[in-house]
Amino acid sequence: MRIDIITVLPELLKSPFEASILKRAIEKGLVEVHMHNLRDYTDLSYNQVDDYQFGGGAGMVLMIEPIDKCITYLKSERNYDEVIYMTPDGETLNQKIANSISLQGNIIILCGHYKGVDQRVRDAFITKEISVGDYVLSGGELAAAILCDAIIRLIPGVLNNETSALTDTFQDNLLAPPVYTRPSDYKGMKVPEVLLSGNFPKIEEWRENQAYKRTKTLRPDLLKNGGTGE
Ligand code: ADE
């Protein structure tokens, strides 16, 4: 998979790709991530990429020309499956969306800033608009990092144990069951007996029960959306 990220603040996006799982995925060649500074695609003085909005009102708007130039350049090099715009008024990211994007070959992610982008960018170039939640960030960069993390960890070979992404919370509309590690007794706080029993069918049954109970208590809305618990 190849991800091209268009941003006015590439420095804000660097560190998530320089540590841990995402770094290893890049080193293993399972994903390529390329940053493109929008300011490299403007001919205006002071590398201007934004301007006041027509009709008046507070806040600057990213202009269409540098975005057009950048996307057109990228598309001249290869085909893209999606051009995604990170925006608080997009579709709210969930596991199902992350699963489907992780199956794509090449994607472009455009990070918004200030008051957003000229609407004509959205009309002409964008195939998917994604929000990471009903709150407003200063720009799309941190949202893009969240999207990249959620999709890259799903690419086969990225996680050491390939089944571990499949047993994540949300993969079957259920929250994950509680997990424990050593010691089995910490200051009188004990690990549930069944997990120490070595009886794997029983352990599996306990985990399924716990996942269902947890979901029913903490996120009953997930069960209404087709949870497989019960
Ligand atoms: N840009 C600003 N806020 C955002 C959000 N909540 N999701 C995606 N992109 C954003």
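The values are calculated or read from the model by the stated rules, or taken from the named source; none is laboratory data. The structure displayed is predicted, hence computed values, not measured ones. Please note: Cβ atoms are built from the backbone with ideal geometry, for glycine as well, and neighbour counts cover all protein chains shown. Keep in mind that these areas ignore ligands, DNA and RNA; they rest on the heavy atoms of the full protein, side chains included. Shrake-Rupley method; radii C 1.70, N 1.55, O 1.52, S 1.80 Å.
Look at segment 152-164 and say how many of its residues are among the hydrophobic types (A, V, I, L, M, F, W, C) and without any contact (Cβ under 8 Å) to a residue 60 or more places away in the chain.
Of all residues in segment 152-164, those among the hydrophobic types (A, V, I, L, M, F, W, C) come to 152, 154-155, 158-159.
Remaining after also requiring without any contact (Cβ under 8 Å) to a residue 60 or more places away in the chain: 154.
Matching residues across segment 152-164 total 1.
Select, from ALA124, ALA211, ALA143, the only residue that is assigned by TED's automatic domain parsing to the domain that holds LYS96 and touching a Gly at 6+ places or on another chain (Cβ under 9 Å).
On the way: ALA124 fails: touching a Gly at 6+ places or on another chain (Cβ under 9 Å); ALA211 fails: assigned by TED's automatic domain parsing to the domain that holds LYS96.
It is ALA143.
Let me spell it out: the conditions are (1) acidic (Asp, Glu); (2) under 25 Å from the mean Cα position of the chain (by Cα); (3) more than 16 Å from the ligand (Cβ to nearest atom), and ASP89 meets all of them except one. Which number is the exception?
All conditions pass for ASP89, except number (3).
Mind checking which pairs have a first residue in segment 134-150 that is under 12 Å from GLY116 (Cα atoms) and touching a residue at least 60 places away in the same chain (Cβ under 8 Å) and a second that is assigned to a loop (DSSP other than H, G, I, E, B) and more than 8 Å from the ligand (Cβ to nearest atom), Cβ under 7 Å, 6 or more apart or different chains?
Correct list of pairs: GLY139/LEU9.
Against the conditions (1) within 16 Å of the ligand (Cβ to nearest atom); (2) open to solvent by less than 70 Å² (accessible area, probe 1.4 Å); (3) under 17 Å from VAL31 (Cα atoms), where does LEU159 fall short? Just the number, please.
The single condition LEU159 does not satisfy is (1).
Could you run through segment 117-137 and say how many residues are more than 11 Å from the ligand (Cβ to nearest atom) and of a type in the set (Asp, Glu)?
So the count comes out to 2.
Which ones in segment 50-75 are surrounded by 15 or more Cβ atoms within 10 Å (Cβ to Cβ), away from the ligand (no atom under 16 Å from the Cβ) and not in a helix (DSSP H, G or I)?
Selection gives GLN53, MET63.
Does at least one position in segment 76-85 carry a residue that is open to solvent by 60 Å² or more (accessible area, probe 1.4 Å) and either within 16 Å of the ligand (Cβ to nearest atom) or among the polar types (S, T, N, Q) (or both)?
yes
Hey, can you tell me all the residues within segment 26-48 that are of a type in the set (A, V, I, L, M) and more than 20 Å from GLU141 (Cα to Cα)? Quick ask: steps written out before the conclusion?
At the first step, the residues of segment 26-48 found to be of a type in the set (A, V, I, L, M) are 26, 30-31, 33, 35, 38, 44.
Scanning segment 26-48 gives LEU30, LEU44.
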